[in-house]
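K.L.:
The structure that follows is given in the form of structure tokens.
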There are 2 protein chains.
Amino acid sequence: MTGTEGAEEAPDPIRRRPGGRAARVRAAVLAAAMDALAEGGIAGFGVADVAVRAGVNESTVYRRWGSREKLLLDAMLTGSDAGIPVPDTGEVRTDLAAFARALAEYMATPLGGAVARAATLGSDDPVLAESWRTFWQSRLDQAGAIVRRGVERGELPPDTDTGLALELLCAPLQTRALLGHRPLEPDLPERLADVLLDGLRSRDRN
Amino acid sequence: MTGTEGAEEAPDPIRRRPGGRAARVRAAVLAAAMDALAEGGIAGFGVADVAVRAGVNESTVYRRWGSREKLLLDAMLTGSDAGIPVPDTGEVRTDLAAFARALAEYMATPLGGAVARAATLGSDDPVLAESWRTFWQSRLDQAGAIVRRGVERGELPPDTDTGLALELLCAPLQTRALLGHRPLEPDLPERLADVLLDGLRSRDRN
DNA sequence: ATCTTAACGCAAGTGCCCTTGCGTTAAATC
DNA sequence: GATTTAACGCAAGGGCACTTGCGTTAAGAT
């Protein structure tokens, strides 16, 4: 139902036009989307508004992206690549605490909150969910360097689960931002790093 | 702008009618909302649909609850009070693992996922956010018995932060369900309990 | 320079969330 | 039983996400 006159599904079914106006429109819309997110977060994020900001018709946005959620995803993938800096202080504890602190500050911004909220919305559609999975995996791999360096230095056992460790560190910060759980105390990042490394039972410090 | 002829803001400004039809309508709508959530989760949750299920006009729902999110909140507060059973096995580790397992299973159901998603939506409005805060606090207090019993038995230090401990246990499960992060492995609850108690460094078991 | 057509602008329309005015029902009071 | 009025049903409408058909623009190939 896709091919019309033979085997033409592998390389390029139809002639695309990646240069000129198309690229200009795409860049303008994504930039406008990031601006709108940075201003009002996800609450006031509307396709019509983004289209006006980009100087583009609303139908164009829907034809290229398909839905509000897909536009959100693409904007995140394109404009939020910088992400959170991964510290390298030479010690696992300080690295984890610094990363957690940076994450907490980022989640407090309209843009940071929008990332998490957009991801929750995208978990309905299986295709979007898969894209978000790779998005999170990419970020997890970056921050995973903290744990991997800790293992190399002998600070952590060799069989340490990198993903699980970072999940335990980041998940509380994300849920607080998402659910409005409770305010993010300034010392929370350090306390999370402490419990993560030593567990609840050994409370020698503090 | 609320009072019309004096000081009548403290006890009861106007004569309410808690009996009869009003209570019947309220119960019918909330029950219909829970049914709709259990079937399709938050995705297909519509006010018009709930109104039809309850045999009530749509405008009635909006006059009593105000918005889709407020209706969601009230339905959760009323119908999801049962919550997750808090185990009492006599040991902290097994209690934490069992509770985490029950939470993971609940979050996998349409209703469980709807609770978390409804809470993320409600974090925009300050009034709703406060209601959700008390909702989570109530659940946290219930589960906090696990940690408190552990402290009493001497399994945990006296200065253990109950809230932080449960947050570290539950947050990863919630983010996985909310963000579609990655599938919930069956052994995840136990591993979370292990790391939470002993930390990443002491990996004697496993 | 000319042709082909992907991509865009315009306009009309659907569905859902939400609001509002008006008449009606029925709960609470007398 | 008669009266008052809170709460409901009905109907019309605005706003936003999303779709679609049609004519126009301009990128890429000849």
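The values are calculated or read from the model by the stated rules, or taken from the named source; none is laboratory data. Keep in mind that what you see is a predicted model, and the values were worked out from it rather than measured. Reconstructed Cβ throughout: ideal geometry from the backbone, glycine too, with neighbour counts over all protein chains shown. Just so you know, the surface numbers come from the protein's heavy atoms only, side chains and all, with ligands and any DNA or RNA stripped out. Shrake-Rupley method; radii C 1.70, N 1.55, O 1.52, S 1.80 Å.
K.L.:
Could you please let me know if residue B:165 is in a helix (DSSP H, G or I) and farther than 17 Å from residue A:198 by Cα?
P.N.:
Spelling it out, it is not the case that residue B:165 is in a helix (DSSP H, G or I) and farther than 17 Å from residue A:198 by Cα.
K.L.:
Here is a further query. Take residue B:195 and decide whether it is in contact with a Ser or Thr (Cβ under 7 Å, 6 or more places away or on another chain) and more than 22 Å from residue A:133 (Cα to Cα).
P.N.:
Against the criterion (in contact with a Ser or Thr (Cβ under 7 Å, 6 or more places away or on another chain) and more than 22 Å from residue A:133 (Cα to Cα)), residue B:195 does not qualify.
K.L.:
Could you give every pair whose Cβ atoms fall below 7 Å, whose first residue belongs to the stretch A:95-115 and is free of Cβ contacts under 8 Å to residues at least 40 places away in the same chain, and whose second residue is assigned to a helix (DSSP H, G or I), counting only separations of at least 6 or pairs across chains?
P.N.:
Close Cβ pairs satisfying both conditions: A:106/A:112; A:115/A:76.
K.L.:
Hand me the list of helices (runs of 4 or more DSSP H) wholly inside the stretch A:22-137 holding 3 or more residues that are open to solvent by less than 20 Å² (accessible area, probe 1.4 Å) and within 13 Å of DNA strand D (Cβ to nearest atom).
P.N.:
Qualifying helices (runs of 4 or more DSSP H): A:47-54, A:68-79.
K.L.:
Just one of B:178, B:173, B:200 is without any contact (Cβ under 8 Å) to a residue 60 or more places away in the chain and either of a type in the set (S, T, N, Q) or over 14 Å from residue B:93 (Cα atoms) (or both); which is it?
P.N.:
B:200
K.L.:
Here is a further query. When only residues in the stretch B:181-197 that are hydrophobic (A, V, I, L, M, F, W, C) and in contact (Cβ under 8 Å) with a residue 24 or more places away in the chain count, which is nearest to residue B:111 (Cα to Cα)?
P.N.:
We begin by selecting, within the stretch B:181-197, every residue hydrophobic (A, V, I, L, M, F, W, C); these are B:184, B:188, B:192-193, B:195-197.
The next check asks that each one be in contact (Cβ under 8 Å) with a residue 24 or more places away in the chain; those that pass are B:184, B:188, B:192-193, B:196-197.
Working: B:184: 17, B:188: 21, B:192: 24, B:193: 25, B:196: 27, B:197: 30 Å.
Per the criteria, the residue is B:184.
K.L.:
Which of (1) in a helix (DSSP H, G or I); (2) touching a helix residue (DSSP H, G or I) at 6+ places or on another chain (Cβ under 7 Å) does residue A:201 not meet, given it meets every other one?
P.N.:
(1)
K.L.:
Then there is this: Look at the stretch A:138-155 and say how many of its residues are open to solvent by 10 Å² or more (accessible area, probe 1.4 Å) and either assigned to a helix (DSSP H, G or I) or under 17 Å from residue B:196 (Cβ atoms) (or both).
P.N.:
Filtering the stretch A:138-155 for residues open to solvent by 10 Å² or more (accessible area, probe 1.4 Å) gives A:138-142, A:145, A:148-149, A:151-155.
Pick out the ones that are also either assigned to a helix (DSSP H, G or I) or under 17 Å from residue B:196 (Cβ atoms) (or both) and you get A:138-142, A:145, A:148-149, A:151-152.
Qualifying residue count for the region: 10.
K.L.:
Looking at the stretch B:20-32, I want the residues that are of a type outside the set (Gly, Ala, Ser) and have a partner that is more than 10 Å from DNA strand D (Cβ to nearest atom) and at pLDDT below 95 with Cβ atoms under 6 Å, at least 6 apart or on another chain. Which pairs are those?
P.N.:
Listed pairs, sorted by first residue: B:30/B:75; B:30/B:78.
K.L.:
For the stretch A:117-159, name all the residues that are aliphatic (A, V, I, L, M), under 16 Å from the mean Cα position of the chain (by Cα) and facing chain B (nearest Cβ under 7 Å).
P.N.:
Across the stretch A:117-159, the qualifying residues are A:119, A:129.
K.L.:
Show the residue pairs meeting these rules: Cβ distance below 6 Å; 6+ apart or different chains; first residue within the stretch B:54-67 and under 16 Å from residue B:24 (Cβ atoms); second residue open to solvent by less than 50 Å² (accessible area, probe 1.4 Å) and within 8 Å of DNA strand C (Cβ to nearest atom).
P.N.:
Taking only residues 6 or more apart or on different chains, the pairs are B:61/B:47; B:65/B:71.
K.L.:
Okay, moving on. Answer yes if at least one residue in the stretch A:178-187 is modelled with pLDDT of 95 or more and buried (at least 16 other Cβ atoms within 10 Å of the Cβ), and no otherwise.
P.N.:
Taking every residue of the stretch A:178-187 in turn, none turns out to be modelled with pLDDT of 95 or more and buried (at least 16 other Cβ atoms within 10 Å of the Cβ).
K.L.:
Give me a count of the residues in the stretch A:160-206 that are hydroxyl-bearing (Ser, Thr, Tyr), facing another protein chain (nearest Cβ under 9 Å) and within 23 Å of residue B:184 (Cβ to Cβ). Before you say what the answer is, go through the steps one by one.
P.N.:
Of the stretch A:160-206, the ones hydroxyl-bearing (Ser, Thr, Tyr) are A:160, A:162, A:175, A:202.
The next check asks that each one be facing another protein chain (nearest Cβ under 9 Å); those that pass are A:160, A:175, A:202.
Filter again for within 23 Å of residue B:184 (Cβ to Cβ), leaving A:160, A:175.
Within the stretch A:160-206, residues that are hydroxyl-bearing (Ser, Thr, Tyr), facing another protein chain (nearest Cβ under 9 Å) and within 23 Å of residue B:184 (Cβ to Cβ) number 2.
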